[in-house]
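What follows is a short report on a single structure.
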Amino acid sequence: MQLMKQTTIALVLCAIPATAFGQSDFCEACTHDVSVYMGDGGLVAEAEGGVVAWVATCGNVIRHGELAPNPDGVVTMQFMDSGLVCNADESRLQVGPVKDGGWYWITDDTASAGGSLVSQRVLDNAKTSITSAGPGVTMREGMGAVFLKETATGRVGLLPNILPEPPTVPLRKCGYDRSGTDYTRRVSHCTLGDGGAMILATVTDGITGVTVQIPNAGAVTRPAGTGTLKIVVDLWMNGSGHYTTSLDSDANAKLGHPEFAMTETRAADRLTDIDYALALGSGQTATVIVTGDDPTAGVSVVAEDSAATISIVKDEEFCSSTNNVNVPLPVTIRANFDANRTQVTPNIFHVGEGGPATGNPDDPGSGSEGPSNPDDPGGATPDKGGGPSFTIICP
């Protein structure tokens, strides 16, 4: 052991506190305490890097220095050799940075006791009240432990009185667990979300075959010729935590999880039995069309595979270069989920604005938290959700 350097500050004028003249026992690098610092003894610890600092407070005397680790990264200190034997009522010895697992010992008149260095992270934890054994055992409380001495025999011991709190492991969201290609419901030791769902609207490029999400308040271009623009709409939970309600052995554990919304299993994993409608225009004058209605303003919607397909065609009342007509048409997608709201737990409660962000299917339950707010479900009733909107513009 090499004691690199040390400094002593003795404050003896009328028992002036140790903080006088700008001196204190503050140690920025220190991570652990000798839980009971008294008398002779020593410590052993593994350095968390390089040089280890120490600050010893004994009554009104503060000493500090540094320890150099040996080739194995271990530092040692013997109080007698370092001049750190302390018998004052107020005492404290801090060291660091060192790793957990360091320990120390106290050498009393006829016996010794060993204890663990206590991490300063737990010093603010609640202390355990130590039961008194009566006058036959003296007790002295330190920083995280109590020194016990049986007066008749001189036997000594160190009893921790700060129990480190176990690390808090945040619960995962309820959803599914994956093993290879198998998915099973995760229904316990997990957190449930707010019952919020989101509508996803996508369009596929007819030339490249690439499918892209239409953002909320986005725009699509009405065809200029005889073509048809098709938009696929379906419903997904918002990623705040849910699981499939069905207990059937063949139930889909991925049902409604937004991380599958833009994958090849989209059709199999979307929420089922949802009715969709469109509001064309805005405000009180909007025209509502549902699946199966005749085209209105060149827009129609049909139900297919638990989704809806919106078809948009040319309509000269809105777009006509000949007649110099250029009228954008706002469209709001609505979803009625009352018929099958219980397909997931928690049950579908409301639909927020905007489609689900894509998560990572390899990280179960990693879907977006989503913009949903159960206290403000976008003006929707609990069984009829107001979803994303977009505008049909002219070419």
Of all residues in the stretch 130-171 being among the charged types (D, E, K, R) and assigned by TED's automatic domain parsing to the domain that holds Cys86, the one that is surrounded by the most Cβ atoms within 10 Å (Cβ to Cβ): Lys149
Meets criteria (farther than 23 Å from Arg121 by Cα, of a type outside the set (Gly, Ala, Ser) and assigned to a loop (DSSP other than H, G, I, E, B)) for Asp72: yes
The listed residue being within 29 Å of the chain's Cα centre (by Cα) and of a type in the set (Phe, Trp, Tyr), out of Tyr243, Tyr276: Tyr243
Which numbered condition Glu259 misses (of (1) assigned to a loop (DSSP other than H, G, I, E, B); (2) closer than 19 Å to Arg185 by Cα; (3) charged (D, E, K, R)): (1)
Check on Pro295, at pLDDT 85 or above, over 35 Å from the mean Cα position of the chain (by Cα) and more than 28 Å from Pro258 (Cβ to Cβ): yes
Residues satisfying the stated conditions in the stretch 185-226, i.e. among the small types (Gly, Ala, Ser) and in contact (Cβ under 8 Å) with a residue 60 or more places away in the chain: Gly193, Gly195, Gly196, Ala197, Ala201, Ala217, Gly218, Ala219, Ala224, Gly225
Subset of the stretch 1-43 [of a type in the set (A, V, I, L, M, F, W, C), modelled with pLDDT of 90 or more and not in a strand (DSSP E or B)]: Ala29, Cys30, Val34, Val36, Met38
Any hit, the stretch 191-210, residues being in the same structural domain as Asp338 (by TED's automatic domain parsing) and within 30 Å of Ser119 (Cβ to Cβ): yes
Test result for Gly134, over 12 Å from Leu43 (Cα atoms), part of a loop (DSSP other than H, G, I, E, B) and not acidic (Asp, Glu): yes
Some residue of the stretch 75-94 being free of Cβ contacts under 8 Å to residues at least 40 places away in the same chain, assigned to a loop (DSSP other than H, G, I, E, B) and crowded, with 17+ Cβ neighbours inside 10 Å: yes
Selection within the stretch 262-284 - assigned to a strand (DSSP E or B) and among the aliphatic types (A, V, I, L, M): Ala277, Leu278, Ala279, Leu280
Count - residues of the stretch 158-196 that are part of a strand (DSSP E or B) and either modelled with pLDDT of 95 or more or more than 24 Å from Arg92 (Cα to Cα) (or both): 15
Among (1) surrounded by 14 or more Cβ atoms within 10 Å (Cβ to Cβ); (2) in contact (Cβ under 8 Å) with a residue 40 or more places away in the chain; (3) part of a loop (DSSP other than H, G, I, E, B), the one test that Glu46 misses: (3)
Tally, over the stretch 204-235, of residues that are under 37 Å from the mean Cα position of the chain (by Cα) and among the basic types (Lys, Arg): 0
Residues (surrounded by 15 or more Cβ atoms within 10 Å (Cβ to Cβ) and not in a strand (DSSP E or B)) located in the stretch 285-318: Thr291, Asp293, Ala297, Gly298, Ser306, Val313, Lys314, Asp315, Phe318
Hits in the stretch 243-277 - residues which are in contact (Cβ under 8 Å) with a residue 12 or more places away in the chain, over 22 Å from Thr202 (Cβ atoms) and not aliphatic (A, V, I, L, M): Tyr243, Thr244, Thr245, Ser246
Long-range neighbours under 9 Å by Cβ, at least six apart or interchain, first residue within 16 Å of Trp103 (Cα to Cα) and in contact (Cβ under 8 Å) with a residue 12 or more places away in the chain within the stretch 117-136, second part of a loop (DSSP other than H, G, I, E, B) and hydroxyl-bearing (Ser, Thr, Tyr): Leu117/Thr31; Leu117/Ser35; Val118/Ser35; Ser119/Thr31; Gln120/Thr31
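The values are calculated or read from the model by the stated rules, or taken from the named source; none is laboratory data. This structure is a prediction, so every number in the text was calculated from the model and none was measured. Backbone-built Cβ (ideal geometry, glycine too); neighbour counts: all protein chains shown.
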